[in-house]
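Here is the structure we will look at, set down as C-alpha cells.
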Amino acid sequence: MVRRTGRRPGNPDTREAILAAARGAFAEKGFDGASIRAIATGAGVDPALVHHYFGTKDKLFLASMNSPIDPVDVINEATAGSRDEIGARFVRAFLNMWDGPRGAAAVALLRSVAGNEWTARLFREFIITQILRRAAPKLGLDPAEAHLRVTLAASHLVGLALARYVVKVEPLASAPADTLVAAIGPAVQRYLTEELPGVFPA
C-alpha cells in the first residue's frame, strides 16, 4: 500500500480530517502516545501538513478539544506575582475566562465532558498534560506532591464551573466575581501551597 502524502487536492476538509484523526488518537493513546506522524497517517496527509495547520502537538491537542483557552495564559497570569496570592489569582483568571467571550465555548466543552466518556478521556489528558505539567514547575511544588495538589485545585475549579455556568445554582450563579475570589481563593491556595495534614507524610 502506498502512503499518501501532501495536501489532498481540492479537498476543503483536510483540517477537519486531521482534527478527527487527532481526537481518536489522543482519546485512545493519550497525549504522549499519540504521534504527529500517526495522526497524519490517520488523516491521509503528510506530517508537514499537520504542522502547517496547527504548529505544535500541544496546539493540535487544544484544537481537537475545541478548548476556548490556552492553559499557558491562565497559568502565567496566576503565577505572576506573590506566591501567597496564587489561589486568588487562579480563581480570578478562571472566572475571567468563563465570564468573557470564550465562556460559551467553555460551557459547551464541560457539557460534552460530563456526557461523553470519549470526551472525558480527552479532558483527563488535558488536565494532566496541559495544566498539571505546566503548573507544577511554575508553582515550585514538590514533585511527590504536585499531581495531587494541582488536581485538588482543578477539581474545585471544575466544580465551580459546573455549578455556576452549567447547572446555574443560585446564588452562586449570579455572585460577583470578587465574592467568589474571596471565598474560593483561600481554598485553592491551601491545595497548592499550604500544609495538608494527613494527606502527605510530615
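The values are calculated or read from the model by the stated rules, or taken from the named source; none is laboratory data. Just so you know, these numbers come straight off a predicted model, no measurement behind them. Cβ atoms come from the backbone with ideal geometry, glycine included; neighbour counts cover every protein chain shown. Ligands, DNA and RNA are stripped out before the accessible areas are found, and what is left, the full protein with its side chains, is counted by its heavy atoms. Shrake-Rupley method; radii C 1.70, N 1.55, O 1.52, S 1.80 Å.
Overview of results
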| read-out | value |
| --- | --- |
| Odd one out for residue 185, checked against (1) open to solvent by less than 20 Å² (accessible area, probe 1.4 Å); (2) farther than 18 Å from residue 87 by Cβ; (3) in contact with a Gly (Cβ under 6 Å, 6 or more places away or on another chain); (4) not β-branched (Val, Ile, Thr) | (2) |
| Test result for residue 117, open to solvent by less than 70 Å² (accessible area, probe 1.4 Å) and among the acidic types (Asp, Glu) | no |
| Close pairs from region 65-76: first free of Cβ contacts under 8 Å to residues at least 24 places away in the same chain, partner surrounded by 15 or more Cβ atoms within 10 Å (Cβ to Cβ), Cβ under 7 Å, at least 6 apart | 70/62; 74/93; 74/94; 74/97 |
| Of all residues making up region 84-114, the number that are under 28 Å from residue 140 (Cα atoms), of a type in the set (Lys, Arg) and open to solvent by 70 Å² or more (accessible area, probe 1.4 Å) | 1 |
| Region 171-202, residues that are charged (D, E, K, R) and modelled with pLDDT of 95 or more | 178, 190 |
| Only listed residue being more than 21 Å from residue 110 (Cα to Cα), among the β-branched types (Val, Ile, Thr) and not in a helix (DSSP H, G or I), chosen from 169, 199 | 199 |
| Candidate set: region 148-164, residues that are open to solvent by less than 30 Å² (accessible area, probe 1.4 Å) and under 19 Å from residue 114 (Cα atoms); chosen: the one nearest to the chain's Cα centre (by Cα) | 154 |
| Residue ranges of helices (runs of 4 or more DSSP H) in region 15-102 with at least 2 members under 30 Å from residue 176 (Cβ atoms) | 71-79, 86-99 |
| Of all residues making up region 120-147, the number that are part of a helix (DSSP H, G or I) and either of a type in the set (Val, Ile, Thr) or open to solvent by less than 70 Å² (accessible area, probe 1.4 Å) (or both) | 16 |
